[in-house]
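What follows is calculated from the coordinates using simple rules that are stated; it is not laboratory data. From a predicted model like this one, the values you see are computed outputs, not experimental measurements. As a convention, Cβ positions derive from the backbone with ideal geometry for all residues, glycine included, and neighbour counts pool all protein chains shown.
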Amino acid sequence: MLTISKLAKQAGIARSSLLYYERIGLLQPTQRSDNGYRWYGPKEVARLEKIMAYRSYGIAMDKISDLLDRNSKAQANILKEHFQHLELEIKQLRQQQKAIIELLNLDQKVENNMVNKERWVAIMRGAGLSDEDMTRWHQTFEQMEPEEHQKFLESLGIEQDEIAQIRQL
């Protein structure tokens, strides 16, 4: 049997993570001593290992509970759904990469004001980005390089009021 501190140390996670897992019902101690100490046995250690594995796969906490408490067929369905979600994310990231490559290839033209807003939107759509993807692209650009984002939008010939709207997405 392990105390919460020893289990946390053995698992390489914070004690607060174990308390959180207990609070949301993912991992309960085997028993509590009279002085309030939490004790974990081999079943709880194995369950924690599964929780940590699912977290490393990027599974959301609310889905982990379903994975732990379901039969293997239901688990497979949840994992397939997560895999499909990851595939979609990868596809969207690839589209964003293509758009950035286009941006890098057209960098000189942008600097010379040869690319306007309409042409830029056409390039982004041609790279497979949806309106939602473009919004995410602008949000990321704004977070990472707000001044450069402003300059880029100005280089496309966009009016200041529209630039302000885009930057507030």
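Key figures for this structure:
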{"read-out": "P(r), alpha carbons of region 77-169 - 10 Å bins starting at zero, rounded %", "value": "16, 45, 26, 9, 4, 0"}
{"read-out": "Cβ-defined net charge surrounding S130, 12 Å radius [Lys, Arg +1; Asp, Glu -1]", "value": "0"}
{"read-out": "Values of log10 I(q)/I(0), in the order q = 0.11, 0.12, 0.17, 0.21 Å⁻¹, for region 3-140 under a Debye, Cα-only, solvent-free model", "value": "-0.62, -0.67, -0.91, -1.17"}
{"read-out": "Candidate lysines for bridging to K43, where Cα separation is under 30 Å - those fewer than 8 sequence places away on the same chain excluded", "value": "K6, K9, K63, K73, K80"}
{"read-out": "Estimated 222 nm signal from helices in the chain, with DSSP H stretches of n ≥ 4 weighted -39500 (n - 2.57), rounded to 500", "value": "-22500 deg cm²/dmol"}
{"read-out": "Net charge over other residues, Cβ less than 12 angstrom from the Cβ of A99 (K, R count +1; D, E count -1)", "value": "+2"}
{"read-out": "Max mean-square fluctuation residue, GNM over the chain, Cα-Cα springs under 10 Å, options N35, N105, N77", "value": "N35"}
{"read-out": "Percentage relative contact order, region 17-169, counting C-alpha pairs under 8 Å, at least six apart", "value": "14 percent"}
{"read-out": "Highest-MSF residue in the chain out of D69, D131, D34 [GNM, Cα springs under 10 Å]", "value": "D34"}
{"read-out": "Column: log10 I(q)/I(0), Debye, Cα scatterers of region 1-81, q = 0.16, 0.24 Å⁻¹", "value": "-0.60, -1.16"}
{"read-out": "Neighbourhood net charge (13 Å Cβ-Cβ; Lys/Arg +1, Asp/Glu -1) for E87", "value": "+1"}
